[in-house]
Amino acid sequence: MNCKYFGQCGACRVYDGGYERQLSLKVDLNQERFKPYYNGDISVFRSPQSHYRSRSEFKIWHKEDELHYAMNHIDKTGVVLVDECPQVSEPIAALMPKLLGAIEKNNIGFKLFGADFLSSNSGEIVVSLLYHKKLDASWSEIATKIATELNIYIIGRSRGQKLIVGQDYVTEVLDVEGSKFKFNYIENSFTQPNSKVNEQMIAWALKNLPKSRSDLLELYCGAGNFTIPFALRFGKVLATEISKSSINAAKANMSLNSVENIAFVRMDVGEFIQALDGVREFNRMRDIDIASYDIKTIFVDPPRSGMDEATCKFASRYDTILYISCNPETLVRDLEILCKTHLVADMALFDQFPYTHHAEMGVRLVKKGSL
């Protein structure tokens, strides 16, 4: 990725040898990190070297009468003014200068401090403009004009205020080894930022979950990124998530893909374990017949904090555990518990965040004695 801001912008790191070197360092680090649990080769899934981010956030910097995109300086001493970014998707990269020009031309830059972009592979874009002032009908009128001219959707946000021009989501189509899956990605909600790596993650996960007549349990399901493809492999899927907006999005995405064998439940993991074990009854579970599920496989995709000890011990009840982790450090900690009852059968590294120290990991664990 050729970027004139390397060494300044805090979004990336400089690596001698470019993309290949940064990826090699990640692979070597994690091969060594997980050696106590896995001696095989870690499968490596590469990212495009540029224009890979479909979700990005920029500061808006006011310099005299001009507006600029900005990012924090790498040493946190200030900001770097950014007029182009090779990280972002091609539709976002093409839009950025046009949007800034339209904002300046139409005089709606006063008190504007941020711009968040969300794009799909087809080029749909939602832009959230963040303000330190209350937005009025005049702003909505001008934003509507800009949205029409640029063929985008715009969200105006200020404290306690969200004004939608058009819609607040894009529809993404993921191609997973020839199968197409549709997802509505909602502004200001979590989505996988690197769609090409996301497709590889789903494909790897499906490979490690052969078709079964039994059922699947998923914790931390989000908006159904993995859940919906998994539904094609199992009789039924029971999926939990604490975020109300994510559950609503997951249900909408289930309909979008004409899938009917998933039950989404808004509960945190601790509550769900209590419900499953009959410790407590929850109204949110009243329409779900737990006894009808034949669950032998569990899939987890927790936040960066990983799983706590109780959740790890709960996951250990199942024959197969598939774990996607966005933090190798907490994954190592969790494997210390999971590997008391299970063995690591396969492991993968997904370069979801090129030119950073971050790596996404995938692990398939099987109960000892079942191999």
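Summary table below
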quantity	calculated
Ile298 touching a Leu at 6+ places or on another chain (Cβ under 6 Å) and not small (Gly, Ala, Ser)	yes
Top-ranked residue of the range 318-334 - restricted to ones that are outside any loop (DSSP other than H, G, I, E, B) and more than 14 Å from Asp301 (Cα to Cα), ranked as most open to solvent (accessible area, probe 1.4 Å)	Glu329
Count - residues of the range 182-203 that are among the aliphatic types (A, V, I, L, M) and touching a Ser or Thr at 6+ places or on another chain (Cβ under 8 Å)	2
Selection from the range 265-300 of residues that are in a helix (DSSP H, G or I) and charged (D, E, K, R)	Glu271, Arg284
Residue in the range 32-50 that is modelled with pLDDT under 95 and among the basic types (Lys, Arg) present	no
From the options Ser158, Ser138, Ser189, residue that is open to solvent by 10 Å² or more (accessible area, probe 1.4 Å) and free of Cβ contacts under 8 Å to residues at least 24 places away in the same chain	Ser138
Count of residues meeting criterion [of a type outside the set (A, V, I, L, M) and in contact with an Asp or Glu (Cβ under 9 Å, 6 or more places away or on another chain)] in the range 93-120	8
Odd one out for Leu81 among (1) touching a residue at least 24 places away in the same chain (Cβ under 8 Å); (2) open to solvent by less than 90 Å² (accessible area, probe 1.4 Å)	(1)
Number of the exception - Ile228 against (1) more than 19 Å from Arg284 (Cβ to Cβ); (2) open to solvent by 60 Å² or more (accessible area, probe 1.4 Å); (3) outside any loop (DSSP other than H, G, I, E, B); (4) in contact with a strand residue (DSSP E or B) (Cβ under 9 Å, 6 or more places away or on another chain)	(2)
Residue in the range 345-367 that is surrounded by 14 or more Cβ atoms within 10 Å (Cβ to Cβ), in contact with a helix residue (DSSP H, G or I) (Cβ under 7 Å, 6 or more places away or on another chain) and without any contact (Cβ under 8 Å) to a residue 40 or more places away in the chain present	no
Residue in the range 105-113 that is open to solvent by 10 Å² or more (accessible area, probe 1.4 Å), within 20 Å of Arg53 (Cα to Cα) and not in a loop (DSSP other than H, G, I, E, B) present	no
Answer residue from the range 335-371, given it is among the charged types (D, E, K, R) and part of a loop (DSSP other than H, G, I, E, B) and is farthest from Gly18 (Cα to Cα) among those	Lys368
Qualifying residue in the range 179-186 (condition: open to solvent by 10 Å² or more (accessible area, probe 1.4 Å), assigned to a helix (DSSP H, G or I) and either closer than 21 Å to Ser43 by Cβ or at pLDDT below 95 (or both))	no
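The values are calculated or read from the model by the stated rules, or taken from the named source; none is laboratory data. None of the values given here were measured: they were computed from a predicted structure. Cβ atoms come from the backbone with ideal geometry, glycine included; neighbour counts cover every protein chain shown. Quick note on the areas: whole protein, heavy atoms, side chains included, nothing else; ligands and nucleic acids left out. Shrake-Rupley method; radii C 1.70, N 1.55, O 1.52, S 1.80 Å.
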